[in-house]
Amino acid sequence: MITIKEMKTKQELTQFVKFPFSLYDKSTNWVPPLVNDELESMDPEKNPVFKNAEARFFLAFKGNKTVGRIAAIINHIEINEQGKPKMRFGWFDAIDDLEVTKAMIAQIEEIGRANDLNWIEGPVGFSNMEKAGMLVEGFEYLNTMITWYNHPYYKEHFEKLNFEKASEWVEYKIQIPKKSPEKVEKFARIITERYKLKLIHFNNSKEILPYVDDMFGLLNKTYNDLSTFVPIQQYQIDHYKDKYIKYINPHYIKCIENVEGKLIAFAITMPSFSKALKKANGSLWPFGFIHLLKARKQNDTAAFYLIGIDPEYQGKGVTAVIFQAMQDLFSANGITQVETNPELEENKAIQQLWKKYDHVLHKRRRTYKRNL
């Protein structure tokens with residue numbers, strides 16, 4: 001018999017967060033999150049997303065054995081301001097037992113119906129800035145710091161339960177040459193001169209902070225037309241400043257201003273933390289932070305996290321300027337490959353960026369939906 005129990009106390013939520021550590025204990029490609037970071041993200045007093053969202057966390061049991069977990073999430077901005085009566089679910093993990101998945105989904109559907117919502121969709125986080133998507137291709141690769149990993153049978157479970165694809169993301173692995181393609185280098189120079197653009201470099205985190213609000217504003221403009229996008233709120237921006245600034249190597253952030261000093265583009269990359277997080281195994285102490293510090297400074301792999309371009313400058317070659325700046329950075333720091341984070345399949349403009357480089361689409365992930 002399968003029982004579903006809501007996790008409320010810190011001890012119970014810790015059990016919720018740690019369930020995947022046993023589920024993936026033999027997986028060579030699952031990258032564990034930092035347990036305390038996960039717990040803080042679930043705490044309404046520490047994560048401001050709960051100003052406009054609510055969540056409940058559940059574990060599934062067979063007898064005394066934990067066999068699955070799932071979170072039920074309601075994003076009120078999405079429902080009330082965007083008119084999407086959607087019940088979100090996330091943090092989905094389960095043993096290979098269809099009945100376990102079925103029981104957890106039934107719990108989500110019950111909450112969705114009680115809140116007069118029309119469909120359920122997941123796996124997703126509280127908002128667009130959280131992890132999203134179930135891995136359906138690329139199980140042989142490590143996940144990045146901001147993606148989930150899962151077993152291949154998850155997809156089979158959802159298809160057997162008559163879910164349909166909602167959104168799909170693609171991820172690329174890009175080989176970085178020692179020097180930019182000549183066309184990119186020349187074009188970057190032409191575009192910089194034509195629009196009188198200024199490339200901004202950073203030497204420390206304090207120099208970045210004055211640009212963060214404008215960067216997120218540009219992000220809202222860049223992705224506003226995509227189907228899954230929910231505008232990022234100021235309180236979320238402030239939270240992300242505090243949460244991620246400790247990981248950022250300032251040299252990996254590049255901004256571009258126009259002649260009036262207005263931010264028109266930016267790119268955020270980071271040294272890859274996947275191998276370091278694997279070694280840390282969920283904790284910064286006693287030695288986890290050493291692995292992260294080493295990865296921040298010494299790495300041959302980078303992760304492309306965010307790129308934003310003002311719609312007014314899209315299609316005008318500004319990407320060449322960004323790529324030239326990234327190339328200079330990577331060459332100076334011994335980066336030989338870059339992994340993109342998930343890009344919506346429909347976001348062809350971003351995917352065009354990689355075509356001038358040796359690249360391979362190595363992962364796909366998707367969300368599934370079902371009507372209530």
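Being of a type in the set (S, T, N, Q), in contact with a Gly (Cβ under 9 Å, 6 or more places away or on another chain), in the same structural domain as ASP214 (by TED's automatic domain parsing) and within 20 Å of THR147 (Cα to Cα) is a description that does not apply to ASN341. Pairs, please: C-beta under 8 Å, at least 6 apart or cross-chain, first residue on the phi > 0 side of the Ramachandran plot and in region 315-330, second β-branched (Val, Ile, Thr)? Final answer for the pair search is GLY317/ILE190; GLY317/ILE191. For LYS275, the criteria (1) under 20 Å from LEU34 (Cβ atoms); (2) modelled with pLDDT under 90 hold in every case but one, which is (2).
Going through GLY122, GLY138, GLY90 one at a time, which residue ends up being touching a Phe, Trp or Tyr at 6+ places or on another chain (Cβ under 6 Å), closer than 25 Å to HIS362 by Cβ and at pLDDT 95 or above? It would help to see each step written out before you state the result.
Numbers: GLY138 fails: touching a Phe, Trp or Tyr at 6+ places or on another chain (Cβ under 6 Å); GLY90 fails: touching a Phe, Trp or Tyr at 6+ places or on another chain (Cβ under 6 Å).
None of the others qualify; the one that does is GLY122.
In the set (1) in contact (Cβ under 8 Å) with a residue 24 or more places away in the chain; (2) surrounded by fewer than 17 Cβ atoms within 10 Å (Cβ to Cβ); (3) in a loop (DSSP other than H, G, I, E, B), the condition left unmet by LYS102 is number (3). Every condition in (1) crowded, with 22+ Cβ neighbours inside 10 Å; (2) closer than 25 Å to GLY125 by Cα; (3) not aromatic (Phe, Trp, Tyr) is met by LYS348 except one, and the failing one is (1). Mind counting the residues in region 108-129 that are over 14 Å from GLU54 (Cα atoms), within 25 Å of the chain's Cα centre (by Cα) and in a loop (DSSP other than H, G, I, E, B)? Selection size over region 108-129: 3. For region 53-66, the criterion of being at pLDDT 95 or above, surrounded by fewer than 18 Cβ atoms within 10 Å (Cβ to Cβ) and not in a strand (DSSP E or B) is met by none of the residues. For region 238-259, the set of residues classified as at pLDDT below 80 and among the aliphatic types (A, V, I, L, M) consists of ILE245 only.
Looking across LYS51, LYS26, LYS62, LYS8, one residue alone is in contact (Cβ under 8 Å) with a residue 60 or more places away in the chain, over 16 Å from GLU130 (Cβ atoms), in the same structural domain as GLU109 (by TED's automatic domain parsing) and not small (Gly, Ala, Ser). It is LYS62.
In region 94-101, is there at least one residue being under 22 Å from the mean Cα position of the chain (by Cα), under 19 Å from LEU161 (Cβ atoms) and outside the structural domain of PHE216 (by TED's automatic domain parsing)? Write out each step before concluding.
Taking region 94-101 first, the residues under 22 Å from the mean Cα position of the chain (by Cα) are 94.
Among the residues that remain, those that are also under 19 Å from LEU161 (Cβ atoms) are: 94.
Checking which are outside the structural domain of PHE216 (by TED's automatic domain parsing) leaves us with 94.
Yes, region 94-101 contains at least one residue that is under 22 Å from the mean Cα position of the chain (by Cα), under 19 Å from LEU161 (Cβ atoms) and outside the structural domain of PHE216 (by TED's automatic domain parsing).
Taken over region 272-297, the criterion of being in contact (Cβ under 8 Å) with a residue 24 or more places away in the chain and assigned to a loop (DSSP other than H, G, I, E, B) is satisfied by SER272, PHE273, ASN281, GLY282, SER283, LEU284.
Scanning region 67-85 for residues that are within 19 Å of LYS131 (Cα to Cα), among the β-branched types (Val, Ile, Thr) and out of contact with any helix residue (DSSP H, G or I) (no Cβ under 6 Å at 6 or more places or on another chain) yields a total of 3. Checked against the criterion of being touching an Asp or Glu at 6+ places or on another chain (Cβ under 8 Å), modelled with pLDDT under 95, closer than 28 Å to ILE335 by Cβ and surrounded by 15 or more Cβ atoms within 10 Å (Cβ to Cβ), the candidates ILE174, ILE208, ILE146 yield just one match: ILE174. Applying a threshold of 9 Å to beta carbon distances and a minimum spacing of six or more residues, or different chains, the list of pairs starting in region 346-364 at a residue that is over 20 Å from GLY138 (Cα atoms) and among the polar types (S, T, N, Q) and ending at one that is at pLDDT 80 or above and assigned to a helix (DSSP H, G or I) reads GLN352/THR319. Only one entry in LEU218, LEU117, LEU161 is modelled with pLDDT under 90 and in contact with a Leu (Cβ under 9 Å, 6 or more places away or on another chain), namely LEU218.
Quick check on region 354-362. Is at least one of its residues of a type in the set (Lys, Arg), within 19 Å of the chain's Cα centre (by Cα) and modelled with pLDDT under 90?
Initial filter on region 354-362 (of a type in the set (Lys, Arg)): 355-356.
From what's left, within 19 Å of the chain's Cα centre (by Cα): none.
Among the residues of region 354-362, not one is of a type in the set (Lys, Arg), within 19 Å of the chain's Cα centre (by Cα) and modelled with pLDDT under 90, which makes the answer no.
The values are calculated or read from the model by the stated rules, or taken from the named source; none is laboratory data. Just so it is clear, the model here is predicted, and its values are computed rather than measured. Cβ coordinates were reconstructed from backbone atoms using ideal geometry, including for glycine residues, and neighbour counts include every protein chain displayed.
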